Structures are given as C-alpha cells and as structure tokens.
Amino acid sequence: MKRSNSIFRLLTFGYWAKALLLALLAGLPGSALWAQEEEEEPEQISSRMSLSAIQGDEDKLTLKALVRAKIDGRFTGLQGLEVVFFSPSDTLEKELGRDSTDMDGIASLSVSKSALQADTGGAFILKAVFEGNALFEESDDEIAVTAAGMALEAMEEDSVRTLVATLESGGAPVAEADVYFYVQGAFSPLKIGEATTDEEGMASVEFPAGLPGDPDGNIHIIARLEEDETFGTVEANVNKAWGRKLEASHNQSRALWSSSPPLWLLLTFITLLVIIWGHYLEVIYKLFRLRKKAAAEG
Amino acid sequence: MMKTAELNKKQTAILQALGAQLEKPGMLYRLWVALLLVLILAGTYGLYRQILIGHVVTGMRDNVVWGYYIANFIYFIGVSYGAAMLAAILYYFKVPWGRPIVRIAALVAFITGIIGPVFILLCIGRFDRLHYLFIHARVQSPITWDVMVISTYLVGITVFTYLLLIKDFAILRDTSLLELSSWRRKLYTALSLRYKGTDEQEGQIDHSTKSMAFIMVPKVILAFAVLSWIFGMTLRPSWNSTIFGPAYVISSVAAGIGLIIGLMWVYRRLYGLEEYITGLHFRNMAFILVILVAAFGYFTFSEYITNWYSSGKWESAVTAKVLSFKEFGWAFHLANLFAIVLPIVIIAIPRFRTPNIIALLSLLLVVAMWVRRYLTVVPPLETPLLPVQDARPEFVHYSATWVEWALVLAGAATFFIFFTLAPKLISVIPISDYDKETR
C-alpha cells in the first residue's frame with residue numbers, strides 16, 4: 001500500500017514540474033529550491049496549558065486557557081487549537097463549552113457563576129483540556145476558584161475624586177487584599193493606583209486630574225484583584241466623564257499627509273496627464289482621419 | 001501602381017531575406033517555441049500554487065517583502081524605458097545609422113513594457129483589491145504616480161511602435177513576392193489603415209511618429225523618476241538617496257541597449273541580415289553603451305564612497321553587506337566587473353569591436369544589470385531600521401523558492417517567445433525606410 005502510494009506521488013504533475021525545473025536550474029545558486037515544500041515528519045512537541053479565571057461584574061466568570069509550547073527555545077502561544085472547558089465534580093465532568101486559541105494562544109469562555117456547582121469547601125473546580133493533535137501533545141490545567149464580587153464606586157466631594165472598591169465573598173467582606181486601579185487606554189490599561197482592602201473590604205485611591213478621555217470626556221475605570229490564590233482575578237468597571245475632552249482634529253488643510261493633496265502636486269499631476277493623454281488622443285484621431293480619408297478617395 | 005506595391009532592389013532583398021520567416025515555420029523553430037511554452041507552463045503552475053496557497057510559497061516574508069518579482073519588475077520596465085528612449089532619440093534626430101535599430105528598440109520597449117508590470121502583479125497578495133489602486137488613489141502616493149505613469153507609458157509605446165509599423169504593414173499587404181495566407185493579408189489590410197504611400201499620408205504618419213518620439217523622452221524620464229522615487233522616497237538605508245533615480249535611469253538604458261545589441265546579433269545571424277545590421281551599428285551602439293556604463297560606474301562609486309565615508313549607522317550596515325564576500329560581495333563585484341569594467345576595457349581596444357564580442361559583452365551586461373537590480377532590492381530590506389528580535393532566519397534573509405524561479409524563468413521565456421513570434425508577423429528591418437534608395 002505504501003509503495004503504490006509513493007509511486008502515485010511521483011506521478012503527480014507537481015512532482016514533474018518541479019523535477020523539470022530543478023533539471024533546468026541545475027547549477028543556479030538556489031538551495032532554497034530544495035528546502036521549499038519538502039515535508040518533514042515532525043515529532044510531537046509537548047504543550048503546556050495555564051488556566052485562569054476572571055470574575056467580573058455580577059454573575060459573570062471568564063475562563064482563559066493559554067496553550068504554549070517551546071519553539072526555537074522559547075515559549076510561544078499556539079494558535080487555532082481547540083480547548084474544552086469542564087467543571088468536574090465528584091460524579092461527572094460537565095462540559096461548559098469550547099473555544100479555539102487566538103493568535104496569542106488564548107482560548108476563552110464566559111459562564112455564569114450561578115450555573116456552576118461549588119464543592120464542599122465552597123470553591124468552583126474548573127478544568128481546561130487540549131486533546132493534542134499531530135504536532136502537539138495534549139495538555140490540561142485545573143484550578144479552584146471561590147466566588148467573590150467587587151463593586152467599584154466613583155465619588156466626587158469638594159472637587160476631590162475618589163475611587164472606592166469593595167470586595168466581598170459569600171456576603172462577607174474580604175480584608176487585606178491588594179486592589180489595583182486602572183484606566184483603559186487605546187491599547188492597554190494604565191495603572192493609576194493601588195490600595196489594600198480594610199476590614200470592611202474597602203480599598204480607595206484618589207483619581208488623578210488631567211487624564212485624557214474620549215470626545216465627551218468619558219474614562220473607563222477598572223479595579224482589579226489580580227490572580228489571587230483563592231479568588232482568581234476579580235474585577236469591576238465603571239465609566240465616568242472625568243477626563244479631558246478629546247478634541248477631534250478637523251484640521252483638513254492640504255498637506256502631504258492629509259486626505260487632500262497640496263495644490264501644486266495636484267495641478268502638476270493633472271497637467272502632466274492632460275498634456276500626455278491629449279497628445280495621444282490627437283495622434284490617434286489623426287490616424288482615424290487618415291484611414292477615413294483614404295477610404296473616401298478609394 | 002501604388003507606392004507600397006513597387007519596391008526597389010534593397011526593399012525586395014529585405015523582403016526576400018525575411019519572407020521565409022513570414023511564410024512557414026521550421027522544425028527547430030517549433031522545438032524552441034515548445035521549450036519556451038513548457039517554461040511558461042511551469043511558471044503558470046507556480047502561479048497557480050501561489051494563488052492557491054498564498055505568498056508563503058515564495059521566499060518573501062515579513063521583513064524582506066520584495067524579492068525576485070520586484071527585481072524583475074524594475075529590470076524589465078527599466079529596460080523598456082531605456083529602449084523606448086533610444087528608439088525615440090534615434091528616430092527624432094533621424095540618425096542615419098539608426099534606421100534598423102529604431103524598430104528593434106521599439107519592439108524591446110513594447111515587449112518588456114508588457115512583461116514588467118506582470119511581475120508587480122505577482123507581488124500583490126490580494127488581487128480582489130487591485131481596483132483599490134484606482135478608486136482609493138492618493139495623489140500624494142508615489143505608487144499612484146507609478147500606476148498612472150506606467151499605464152500612460154504603455155499606451156504611448158504601443159502607439160509609437162504601431163506608427164513605426166504602419167508603412168510596412170501596407171507593403172506586406174500589397175507585396176506579390178510572398179505567398180501569405182489569407183488571414184495574414186486580412187490582418188495586414190486592417191493594420192495598414194488603407195495606407196497607400198501618398199506624400200500626404202507619408203507626411204502625416206512621419207509627423208505623428210515624430211511627435212510621439214518627441215514626447216517620449218520627457219515621458220520616459222518622468223516614468224523612470226517615478227519608479228525610482230518609490231524606492232528613493234522610502235526612508236530606508238541605501239534607497240533614500242538622491243542619486244537613486246539617475247543611477248537607475250543610466251543603468252536601465254544601458255541594460256536596454258545591451259538587450260537590443262543581443263537581439264540585433266540574433267536576428268542578423270538568424271535571417272542573414274549582415275547587409276542591414278552592420279559592424280558600424282554594433283560599434284556605434286557599443287560606444288553609447290560605454291558612455292552609459294562609465295556614468296553608471298561613477299554613480300555607483302559615488303554612492304558607496306559617500307555611504308562608506310560618512311559612516312551612517314544603517315547605510316554602513318547595508319554597504320558592509322553588499323561588499324562582504326560572505327554575503328553579497330561576489331554578486332556585487334562580479335556584476336560590476338561585467339556591467340562596468342569589462343565593457344569599458346574591451347571596447348576601448350579597436351580590434352575587439354566586432355559584432356560577436358560586442359554581443360557577448362552585452363549578454364554579460366544584461367545579466368549583470370539584473371544582479372544589480374536584485375542587490376538594489378534585497379540587501380536594504382534585510383537591514384530594517386528597527387532591529388528584528390527573535391525572528392526566524394527566513395524572515396531576516398531572503399532566498400527565492402522554486403515558485404519564484406519558475407515565474408522568473410517564465411517571464412524570460414515570455415520575452416523570448418515574443419521575440420521569436422515577432423519576425424513571424426512583422427519585418428524586423430523597416431522595409432519602408434529604404435524607399436529612398438536607388439530603384
């Protein structure tokens with residue numbers, strides 16, 4: 001079976017085209033000719049998974065599974081792999097859903113906490129599995145997350161702006177937890193402060209003045225307990241018009257970089273085209289006339 | 001009797017020399033065409049793979065985004081401009097020895113002008129967005145200028161070449177010396193626009209051709225400039241140079257003349273045209289070549305010594321790569337030897353100015369100029385201003401794949417097939433130009 005298969009491969013047109021080209025090109029410095037498209041049988045590479053959970057507003061819990069492998073000596077996120085998320089209990093593994101990893105190697109899934117079942121200690125057991133494929137070995141990760149919630153309040157008193165985050169779990173405040181405060185930038189969040197929760201579960205920072213917002217001055221503010229052993233990541237968001245209003249640029253003067261070109265450039269461009277094409281048209285018109293005249297004269 | 005039907009001795013001789021070609025193809029000819037077609041088919045298969053799988057089948061990657069295709073594009077289009085310029089100047093000034101050369105030069109310009117732009121299309125990853133070049137054109141972009149200039153140029157060179165051929169089409173239509181098939185007669189009748197050789201018609205055609213030749217020179221300089229500005233206006237080491245344009249113009253005209261000399265030699269040998277394409281033609285072309293090549297040598301030296309002396313960080317990096325024998329050194333020095341030094345030294349010696357030696361030098365020059373084009377494109381792209389970290393080797397160093405080789409060879413094969421087919425359809429020596437000879 002295998003032999004006939006290889007003969008079949010030899011007979012494909014691509015093979016002959018390539019063989020012919022190689023023969024013609026013998027002697028040319030093109031080592032890449034050979035390198036291209038030769039399929040090697042790769043060994044399976046071991047992959048590694050890290051699962052994390054983010055508890056957001058209200059009931060939402062987002063699972064993020066990062067799948068990586070060591071390629072050329074460094075860990076690289078693997079794109080396009082299917083990850084299955086489970087909530088295992090003593091009796092059965094309940095599948096929560098699946099997702100493919102993105103270009104950074106992260107698959108994510110949002111679930112509602114009320115649909116999850118907590119174990120006897122009050123924690124959710126969560127698991128993510130990549131089942132492996134021809135290139136990469138399988139990998140999985142399991143975490144335990146205790147339900148928690150965070151509330152974020154933005155208060156203004158005597159022109160002092162304060163952010164207060166309150167962290168609770170099971171109705172009781174969580175003390176001695178480090179909370180970080182951010183504002184969302186165009187690409188990534190910018191840290192503006194950090195504080196530890198008191199006995200009432202509250203942490204507060206002063207909001208800095210002069211941050212740029214959108215055209216209406218809106219700023220997206222985030223408070224976050226990060227990768228806590230018990231709770232995972234817990235975050236809360238709020239929008240406030242506390243920023244400087246961003247002035248949209250309506251400056252559309254003619255320039256190399258604006259949408260309208262400098263006048264001299266436009267005129268030069270059009271003038272040149274008109275001269276040359278006008279000239280063409282004249283010559284072509286004369287040719288038509290020549291033919292017509294010859295036809296009339298017989 | 002019409003003027004186009006009564007030929008003098010010389011015209012009859014040309015027609016008889018070339019007539020065999022127009023009548024029937026031979027066996028060797030068929031084999032040659034078959035070989036070229038196979039090469040074109042192999043290229044088509046490569047193109048099919050490229051369209052099916054994407055540009056990943058080429059050696060072009062993130063950093064080195066241009067490779068053989070662009071090198072071929074600027075080479076062919078440059079040769080085309082160069083040949084057009086030579087044809088226009090020789091025609092406009094009615095250079096006495098230029099008669100047989102104008103036609104071959106115009107053919108080179110027309111044919112390479114068609115092949116060149118095909119290679120820029122091969123660089124395009126998204127053919128479905130090709131029309132964006134027009135509907136989203138920005139007057140500020142050199143790419144837009146180039147699209148306009150190349151299409152304008154192509155129309156111009158087509159009209160110019162056609163004008164040069166009309167009188168001969170009429171002669172071929174009216175001749176009784178050749179036994180031409182009826183489709184040929186019909187074709188020549190249509191293409192000759194009822195030209196009968198009256199003084200008025202002749203004057204009009206000459207006037208139109210002359211005015212096309214006149215406008216050709218500034219147009220070609222503009223076209224050259226625009227293409228070189230695509231490189232020159234990019235902030236890349238060794239591209240962002242004011243001498244880029246002039247050096248490109250000079251070397252392309254030289255490569256164009258090299259190709260014309262090569263074709264003159266081939267046609268002369270193949271069709272026994274020694275009487276019309278003489279040693280004088282070769283010598284004169286060689287002298288023009290030497291002047292251009294010397295200027296190109298000067299520009300090259302000026303460019304590299306300026307970079308070397310001022311020791312700009314990135315310019316030095318490119319210069320070092322180009323000069324290093326571990327990287328592009330061999331290609332660079334050999335190309336300079338064949339494209340600059342050898343033509344000057346050998347043509348300086350009178351006894352070496354024979355058609356054979358001049359043709360051989362031209363062949364070497366044509367190849368060497370292509371290597372210089374490659375060295376224009378790739379080493380600067382391998383030297384990005386932002387250092388690349390943790391990139392895979394094929395991202396940093398370009399090497400062409402079989403797909404690119406196949407398409408480059410297919411391009412060369414297309415060039416040859418055009419020149420093989422051309423004498424089947426037209427007379428490569430302008431018969432009509434010899435009408436003032438003794439009857």
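Some notes on this structure:
- Matching residues, region A:200-214, being without any contact (Cβ under 8 Å) to a residue 40 or more places away in the chain, under 19 Å from A:ALA241 (Cβ atoms) and of a type in the set (Asp, Glu): A:ASP214
- Within region B:203-221, being surrounded by 17 or more Cβ atoms within 10 Å (Cβ to Cβ) and either more than 7 Å from chain A (Cβ to nearest Cβ) or of a type in the set (D, E, K, R) (or both) holds for B:ILE205, B:THR209, B:ALA213, B:MET216, B:LYS219, B:VAL220.
- A:SER260 farther than 30 Å from B:PHE169 by Cα, surrounded by 10 or more Cβ atoms within 10 Å (Cβ to Cβ) and more than 7 Å from chain B (Cβ to nearest Cβ): yes
- All of (1) within 14 Å of chain B (Cβ to nearest Cβ); (2) modelled with pLDDT under 90 hold for A:PRO215 with one exception: (1).
- Flag for A:ILE125 being free of Cβ contacts under 8 Å to residues at least 60 places away in the same chain, surrounded by 18 or more Cβ atoms within 10 Å (Cβ to Cβ) and either closer than 24 Å to A:GLY171 by Cβ or among the aromatic types (Phe, Trp, Tyr) (or both): yes
- Looking only at region B:317-328, and only at residues there that are in contact with a helix residue (DSSP H, G or I) (Cβ under 7 Å, 6 or more places away or on another chain) and not in a loop (DSSP other than H, G, I, E, B), the one that is surrounded by the fewest Cβ atoms within 10 Å (Cβ to Cβ): B:LEU323
- Scanning region B:380-432 for residues that are among the charged types (D, E, K, R) and under 24 Å from the mean Cα position of the chain (by Cα), we see that the one that is surrounded by the most Cβ atoms within 10 Å (Cβ to Cβ) is B:GLU404.
- Elements of type strands (runs of 3 or more DSSP E) contained in region A:187-253, each with 3 or more residues being among the β-branched types (Val, Ile, Thr) and under 30 Å from A:ILE125 (Cα atoms): A:232-240
- Answer from B:ALA137, B:ALA88 - the residue that is within 14 Å of chain A (Cβ to nearest Cβ), surrounded by fewer than 19 Cβ atoms within 10 Å (Cβ to Cβ) and in contact with a helix residue (DSSP H, G or I) (Cβ under 6 Å, 6 or more places away or on another chain): B:ALA137
- Only one of A:THR76, A:THR101, A:THR62 that is within 13 Å of chain B (Cβ to nearest Cβ) and modelled with pLDDT of 85 or more: A:THR76
- Members of region A:65-85 that are over 20 Å from A:PHE231 (Cβ atoms) and assigned to a strand (DSSP E or B): A:VAL67, A:ARG68, A:ALA69, A:LYS70, A:ILE71, A:ARG74, A:PHE75, A:THR76, A:GLY77, A:GLU82, A:VAL83, A:VAL84
- Candidates B:TYR267, B:TYR248, B:TYR271, filtered to the one that is modelled with pLDDT under 90 and of a type in the set (Phe, Trp, Tyr): B:TYR271
- When restricted to residues that are in a helix (DSSP H, G or I) and farther than 28 Å from B:GLY113 by Cβ, region B:256-279 contains 1.
- Of everything in region B:188-202 that is surrounded by fewer than 17 Cβ atoms within 10 Å (Cβ to Cβ) and without any contact (Cβ under 8 Å) to a residue 12 or more places away in the chain, the residue that is nearest to the other protein chains (Cβ to nearest Cβ) is B:GLU200.
- Checking every residue in region B:71-78 against the condition of being crowded, with 24+ Cβ neighbours inside 10 Å and farther than 20 Å from B:VAL149 by Cβ gives zero matches.
- Picking from residues in region B:222-233 that are away from chain A (no Cβ under 14 Å) and surrounded by fewer than 21 Cβ atoms within 10 Å (Cβ to Cβ), the one that is nearest to B:VAL149 (Cα to Cα) is B:ILE230.
- Count of residues meeting criterion [within 14 Å of another protein chain (Cβ to nearest Cβ) and part of a loop (DSSP other than H, G, I, E, B)] in region B:389-428: 9
- The condition (being more than 11 Å from every other protein chain (Cβ to nearest Cβ), at pLDDT below 90, buried (at least 22 other Cβ atoms within 10 Å of the Cβ) and more than 24 Å from B:LEU90 (Cα to Cα)) is satisfied by just one residue among B:SER238, B:SER181: B:SER238.
Let's see how each residue does on (1) within 10 Å of chain B (Cβ to nearest Cβ); (2) among the small types (Gly, Ala, Ser); (3) under 43 Å from the mean Cα position of the chain (by Cα); (4) assigned to a loop (DSSP other than H, G, I, E, B):
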position: A:ALA255; (1), (2), (3), (4): yes, yes, yes, yes
position: A:LEU265; (1), (2), (3), (4): yes, no, yes, no
position: A:THR271; (1), (2), (3), (4): no, no, no, no
position: A:ILE276; (1), (2), (3), (4): yes, no, no, no
position: A:GLU282; (1), (2), (3), (4): yes, no, no, no
position: A:LYS292; (1), (2), (3), (4): yes, no, no, no
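- Every residue from region A:155-171 that is surrounded by 15 or more Cβ atoms within 10 Å (Cβ to Cβ) and either modelled with pLDDT under 90 or within 30 Å of A:MET49 (Cα to Cα) (or both): A:LEU167, A:GLU168, A:SER169
- Yes/no for B:THR383 being assigned to a helix (DSSP H, G or I) and among the hydroxyl-bearing types (Ser, Thr, Tyr): no
- Against the conditions (1) in contact with a Gly (Cβ under 9 Å, 6 or more places away or on another chain); (2) in a helix (DSSP H, G or I), B:TRP239 satisfies every one except (2).
The values are calculated or read from the model by the stated rules, or taken from the named source; none is laboratory data. Bear in mind the structure is a predicted one, so any value in this text is a computation, not a measurement. Note that each Cβ is placed from the backbone with ideal geometry, even for glycine, and that neighbours are counted across all protein chains shown.
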